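*Asks:* My questions all concern the structure below.
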Amino acid sequence: MRVILDTNVFVSGIFFTGPPYQILRAWRDGNLKLVISPEILEEYQRVGAALAEQFPLIDLGQILELVTIKAEMVHAKSLPEPVCVDPDDDKFLACALASKSKVIVSGDKHLLHVSGFREIRVLKPREFVDEYLSNL
């Protein structure tokens, strides 16, 4: 299964336990494919760097290097018109469209609100774990 993780889910999976961590572990173990775009990777790096200042014992370098090696990188065109109330979230939808992925995992209310856009499901981390990872 191919999946896009919004930045909060990705970063939460690095710094905390719970469903986001379970999703990253499933990716690391090869049970799902993480799909990113250059714009998503840049946001992961920017937000991760800011959090690393608050949590200096966490080494983000290794996980971000793993992402650049192991994740599927797609070059997504910007959407012709904004879909989310926060247009910065549209990069996740654009990535899903470009990669033909059908699932975005997010806790962001703006992305959750547009679930179903072009048949892309936006699921909260717990929903994704329960629906797709409970049998692993």
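*Asks:* List, in order, the whole-Hz ³J(HN,Hα) value for each residue of segment 28-35 obtained from phi through the Karplus relation with A = 6.51, B = -1.76, C = 1.60 and θ = phi - 60°; use x for Gly and Pro.
*Replies:* 4, 7, x, 8, 8, 10, 7, 10
*Asks:* Arranged by the count of other C-beta atoms within 10 angstrom, fewest first, what order do 131, 81 take?
*Replies:* So the residues, fewest neighbours to most, are 81, 131.
*Asks:* What does the extension gain come out to for residue 85 and residue 2, with contour length at 0.36 nm per residue minus their alpha carbon separation?
*Replies:* Length gained between residue 85 and residue 2: 27.4 nm.
*Asks:* Could you work out how much longer the chain between residue 127 and residue 17 gets when fully extended? Use 0.36 nm per residue separation minus the Cα distance between them, nm to one decimal.
*Replies:* Roughly 38.0 nm would be gained on extension.
*Asks:* Order of 57, 66, 34 from fewest to most other C-beta atoms within 10 Å?
*Replies:* 57, 66, 34
*Asks:* Could you size up the charge dipole of segment 2-133 around its Cα centre, putting +1 on the beta carbon of Lys and Arg and -1 on that of Asp and Glu, and report it in debye to the nearest 20?
*Replies:* Dipole of segment 2-133, to the nearest 20 debye: 460 debye.
*Asks:* Can you list residues from other chains, or at least 5 along the same chain, whose modelled amide H is less than 5 Å from the amide H of residue 103?
*Replies:* Those lying under 5 Å, H to H, from residue 103 are 4, 121.
Coordinate-derived values only; no laboratory data. Just so we're clear, the structure is a prediction, and the values are computed from it rather than from any experiment. Cβ: placed from backbone, ideal geometry, glycine included. Neighbour counts: every protein chain shown.
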